[in-house]
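Working notes for the structure below.
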Amino acid sequence: TAQNQGNPCDQPKLHEFDFWIGDWNVYKYGTDTLIGYNTITPVAGGCALQENWRSAIGPSVGTSLNKYAFSLQKWQQMWVDNSGQTLQLSGQYMDGKMVMSNEQFSRDGTRKINNRISWINMPDASIRQLWEQSTDDGQSWTVVFDGWYKKKG
């Protein structure tokens, strides 16, 4: 029975993204300009992480669920915000950073967009979140968001 197998959420692979857990002030990377607040909490018995974002400079709020999918051997994120934007990303943790990406179409369906988001676990326990987009199949990338997470307190 499931009760005799221990908690499946105790497996180390499911905790690669635990460095993101916490209450964060988010700044424009490399500056002291506060741009938002993010709280990342374990949910579903530690099998997933839930993100709750709130902008400090506008009305933006959003949330995501993040989990490791053993069947795909990838991390997955489902993001939704109050502008109606959704992102479904997948990727891997490697060399101190989580990198997830996707390919989707613009809202009007006319352009293909590649998204790549990296969460870099910095030596000082801060995190850099870098979101880049490409509209030319990855030949060139534009920065959409460059956030610097510092723990509150």
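The values are calculated or read from the model by the stated rules, or taken from the named source; none is laboratory data. Just so we're clear, the structure is a prediction, and the values are computed from it rather than from any experiment. Ideal geometry is used to build each Cβ from the backbone, glycine not excepted, and the neighbour counts take in all protein chains shown. Remember, those area values only see protein heavy atoms, side chains included, never the ligands or the DNA or RNA. Shrake-Rupley method; radii C 1.70, N 1.55, O 1.52, S 1.80 Å.
Laid out as a table, the results:
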| item | result |
| --- | --- |
| Exposure ranking of Trp79, Trp141, Trp24 by accessible area [1.4 Å probe, largest first] | Trp141, Trp79, Trp24 |
| Solvent-accessible heavy-atom area per residue, rounded to whole Å², over the range 33-153 at 1.4 Å | 55 Å² |
| Centre separation in Å (Cα based) which lies between the range 99-153 and the range 42-78 | 15 Å |
| Residues in the range 12-52 reached by a label modelled at Gln73 [backbone nitrogen below 20 Å; 7 Å Cα→Cβ] | 12-17 |
| Fluctuation leader among Asn82, Asn121, Asn66 - the chain, Gaussian network, Cα springs under 10 angstrom | Asn82 |
| Gaussian network model of the chain, Cα within-10 Å springs - most flexible of Gly96, Gly62, Gly30 | Gly30 |
| Ellipsoid equivalent to the chain - semi-axes via the Cα gyration tensor, in Å | 26, 21, 15 |
| Neighbourhood net charge (15 Å Cβ-Cβ; Lys/Arg +1, Asp/Glu -1) for Ile57 | -1 |
| Unit charges on C-beta of K, R, D, E only; dipole of the chain, Debye | 140 debye |
| Selected from Thr33, Thr135, Thr110 as most flexible by GNM, with the chain as the system and alpha-carbon contacts under 10 Å | Thr110 |
| Rounded percent of accessible protein surface that carbon and sulfur make up, the range 103-153, 1.4 Å probe | 48 percent |
